[in-house]
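*Asks:* Below is a structure I'd like to ask you about.
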Amino acid sequence: MLIFLDLETTGLESSDKICSIGIVAVGKDGIFSKYELVNEGKKISSKASSINNITNEMIKGKSALKESEAWKFLEKNNHEEITLIAHNINFDLKMLLACGFVWHGKTIDTLRVTKHLIPECEYFSLQFLRYELKLYKQESEITPHNALSDAFLVKLLYEYLLDIATHEKLIELTHKKVVIEKFNFGKYSGRYIEEISMCDRGYLEWILANITDLDEDLKYSIKKHLPF
């Protein structure tokens, strides 16, 4: 079985919680999908609401994740032979862990795999790839930042990547760090990291020392281009 997952959260701080979950599971019995709003006792920030369109009124009275049907489904199918697939899966696993759920199966991170297999993409967010790779042409309805809609989108992205590499290769690449060549943010956006290491080493050192939530692959790439 393949389980495609997406979560929406109350914000992006370490103390924030899951407020919605979308699951699309593909197995021998067909396709199963589930979308639920949940209440983990954390207020949704206005900034988060502006992205995911979920308000505090919408989750008022909703059950905690552990009491949801989605949680029960994940628990029932938490086996080594099942693959959980998400975009930036480490974030989803961290958020689930905060609720007490530990995944024991295989994983595929469509974010990291896309960086490996389609490095020429300018950006790698799920919504950018929706249009860059024309995945929207296979959708019946577009609802950005809706957990169920995005879980279906992860499925489409996975199927796109399967045309480039096998399922087993996608699992392998999920656990292999990516060497990023260019910055896609900040004052050096679009320029090579190697170039910046020669002309402004202090900027790279500042990033490593001060950005606590730095992307794992970017951190790896900066260190690779900036030997100590």
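The values are calculated or read from the model by the stated rules, or taken from the named source; none is laboratory data. The structure displayed is predicted, hence computed values, not measured ones. Glycine gets a Cβ as well: all are built from the backbone with ideal geometry, and neighbour counts include every protein chain shown. The accessibility values were calculated without ligands, DNA or RNA, using every heavy atom of the protein model including side chains. Shrake-Rupley method; radii C 1.70, N 1.55, O 1.52, S 1.80 Å.
*Asks:* Would you confirm, using the coordinates I've provided, whether G202 is of a type outside the set (A, V, I, L, M, F, W, C), in a loop (DSSP other than H, G, I, E, B) and over 27 Å from S14 (Cα atoms)?
*Replies:* no
*Asks:* Take the residues of the stretch 153-188 that are in contact with a strand residue (DSSP E or B) (Cβ under 9 Å, 6 or more places away or on another chain) and part of a loop (DSSP other than H, G, I, E, B): which is most open to solvent (accessible area, probe 1.4 Å)?
*Replies:* The residue in question is H175.
*Asks:* Moving on to the next point. Given the criteria surrounded by 17 or more Cβ atoms within 10 Å (Cβ to Cβ), without any contact (Cβ under 8 Å) to a residue 40 or more places away in the chain and in contact with a Cys (Cβ under 9 Å, 6 or more places away or on another chain), does K42 qualify?
*Replies:* yes
*Asks:* Report whether or not F4 is at pLDDT below 95 and not in a loop (DSSP other than H, G, I, E, B).
*Replies:* No: the conditions fail for F4.
*Asks:* Being under 15 Å from K66 (Cβ atoms) and either of a type in the set (D, E, K, R) or modelled with pLDDT of 95 or more (or both) is the filter here; which residues of the stretch 35-49 pass it?
*Replies:* E36, L37, V38, N39, E40, K42
*Asks:* Hey, can you tell me all the residues within the stretch 7-39 that are assigned to a loop (DSSP other than H, G, I, E, B), open to solvent by less than 20 Å² (accessible area, probe 1.4 Å) and hydrophobic (A, V, I, L, M, F, W, C)?
*Replies:* If the condition is that a residue be assigned to a loop (DSSP other than H, G, I, E, B), open to solvent by less than 20 Å² (accessible area, probe 1.4 Å) and hydrophobic (A, V, I, L, M, F, W, C), then V38 is the only one that fits.
*Asks:* Filter the stretch 193-213 down to residues that are out of contact with any His (no Cβ under 6 Å at 6 or more places or on another chain) and surrounded by 14 or more Cβ atoms within 10 Å (Cβ to Cβ), then give me how many there are.
*Replies:* Number of matching residues: 8.
*Asks:* Restricting attention to the stretch 172-188, which residues are polar (S, T, N, Q) and modelled with pLDDT of 90 or more?
*Replies:* T174
*Asks:* Can you name every residue in the stretch 47-77 that is touching a residue at least 60 places away in the same chain (Cβ under 8 Å), under 19 Å from the mean Cα position of the chain (by Cα), over 26 Å from E216 (Cα atoms) and surrounded by 16 or more Cβ atoms within 10 Å (Cβ to Cβ)?
*Replies:* Result: L74, single match.
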